[in-house]
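K.L.:
Here it is, the structure in full.
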Amino acid sequence: MQDTEFGKLERLPAYRLVYDAIEGQILAGRLRVGDPLPTETLLAGQFGVNRSTVREGIRLLEQSGLIERDGGKRPRISSPHFLDLASSASRALILHSVTFRELWNAAMILEPAIAELAARNISGETLSEAAASIGEMEAAVSAIESGEPANVDAFVRLDRDFHEILAQAAGNRVFALAHEPVTSLFIPAGRLILPRLKTYRRVLDAHRFIYQCLAEHDPVGATTWMRKHMDDFRRAYELTNLSLDAPLDAVSLGVVSDHSKDGRNRRARLRQ
């Protein structure tokens with residue numbers, strides 16, 4: 001039997017222990033949203049540390065969105081916006097070397113489900129937001145087609161905003177929370193695909209079809225068109241010769257697929 005070796009245990013700094021202890025009380029429901037945090041002096045005495053250590057732990061809690069300050073008043077427990085939490089999830093996916101193939105497989109389950117629920121639950125107000133998003137994208141596409149330089153970053157933001165509107169319209173906070181990190185990690189690929197394949201109008205048309213299904217409260221149609229939209233994105237990814245199995249952090253560097261062939265000929269087919 002092979003001997004197993006263990007490395008030395010890493011000691012967390014005291015302020016991190018303060019953070020963990022207070023976070024644990026919040027998650028356990030003993031400290032609720034709106035409750036004031038005990039004073040630094042009281043916390044320092046309870047934890048057996050100095051006030052500067054407590055202050056640093058509180059700073060971390062503020063950064064995570066678990067507490068907030070209202071002017072000069074004592075910090076209060078707050079509820080972090082799901083986007084603040086999901087950004088950490090995006091970083092975790094990157095650190096785990098998630099590939100585009102894995103991300104797309106997850107999106108092909110998540111995005112159509114969101115579209116289906118959005119078609120069932122979307123309100124008139126949110127439908128107007130979706131229409132406004134499409135209007136902005138139409139203006140951007142018209143400007144590009146008239147010869148103006150394409151603002152790729154702005155277009156990618158419009159694309160993402162439309163999908164975020166659908167995630168909110170679905171009325172399911174778990175979907176909304178799961179959706180953001182997936183959408184965020186598609187952004188580098190979009191920045192590379194759009195200027196190479198010039199598929200601005202194609203993205204706009206997909207959004208229009210999805211919007212029409214939302215307006216008609218047609219969950220089957222919304223699901224079908226979202227699947228087509230996501231599958232189109234994967235095909236564009238391949239046509240750009242990006243590697244489906246490269247880690248996502250490599251995408252921003254333009255890593256190309258080793259096994260993609262005849263990419264130029266297939267680009268023409270995507271535009272048809």
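Each reported figure results from applying straightforward, stated rules to the coordinates on display, with no laboratory input. From a predicted model like this one, the values you see are computed outputs, not experimental measurements. All Cβ positions, glycine included, derive from the backbone under ideal geometry; neighbour counts span all protein chains shown.
K.L.:
HN-Hα J couplings of the range 123-134 from phi, Karplus 6.51/-1.76/1.60, θ = phi - 60°, integer Hz, Gly and Pro as x?
P.N.:
8, x, 5, 5, 4, 5, 5, 5, 5, 5, 4, 5
K.L.:
Here's another thing I want to ask about it. Taking just the alpha-carbon atoms of the range 156-214, what radius of gyration and Dmax come out, in angstrom?
P.N.:
Cα radius of gyration and Dmax of the range 156-214 are 12.4, 36 Å respectively.
K.L.:
Evaluate the distance, in nm, between pseudo-label points positioned 7 Å from the Cα of T99 and of R74 along their respective Cα→Cβ axes.
P.N.:
Each label point is offset 7 Å from its Cα along the Cβ direction, giving 5.4 nm.
K.L.:
I need the phi-derived Karplus couplings for the range 33-39: 6.51 cos²θ - 1.76 cosθ + 1.60, θ = phi - 60°, integer Hz, Gly and Pro marked x.
P.N.:
4, x, 5, x, 6, x, 5
K.L.:
If each residue of separation counts as 0.36 nm, what is the full-extension length gain between N151 and Q212 once their alpha-carbon separation is subtracted?
P.N.:
Going from the current span to full extension adds 19.3 nm.
K.L.:
May I ask you to compute the full-extension gain from R191 to D231, defined as 0.36 nm times their residue separation minus their alpha-carbon distance, rounded to one decimal in nm?
P.N.:
12.7 nm
K.L.:
Taking the Kirkwood radius as the inverse of the mean 1/r across Cα pairs, report the Rg/Rh of the range 92-144.
P.N.:
1.15
K.L.:
If you average the C-alpha positions of the range 191-213 and of the range 157-181 separately, how far apart do those two centres end up, in angstrom?
P.N.:
That distance is 17 Å.
K.L.:
For a Förster distance of 25 Å, can you work out the FRET efficiency between the beta-carbons of S64 and M108, rounded to the nearest 0.05?
P.N.:
Once rounded, the FRET efficiency stands at 0.20.
K.L.:
Hey, another quick one. For R120 and R11, calculate 0.36 nm times their separation in residues minus their Cα-Cα distance, and state this gained length in nm to one decimal.
P.N.:
34.2 nm
K.L.:
Using amide H atoms built 1.01 Å from N in the peptide plane, name the residues 5+ places from T39, or on other chains, whose amide H lies under 5 Å from its own.
P.N.:
When sequence neighbours closer than 5 places are left aside, there are no close amide H contacts.
K.L.:
Collect residues whose amide H, placed 1.01 Å from N in the peptide plane, falls under 5 Å from the amide H of I67; neighbours closer than 5 in sequence don't count.
P.N.:
Result for I67 returns E62, S78.
K.L.:
Using amide H atoms built 1.01 Å from N in the peptide plane, name the residues 5+ places from L242, or on other chains, whose amide H lies under 5 Å from its own.
P.N.:
S257
K.L.:
Something else now. Could you compute the net charge surrounding M226? Neighbours are other residues with a C-beta less than 9 Å from the C-beta of M226; K and R count +1, D and E count -1.
P.N.:
Around M226, the charge tally is 0.
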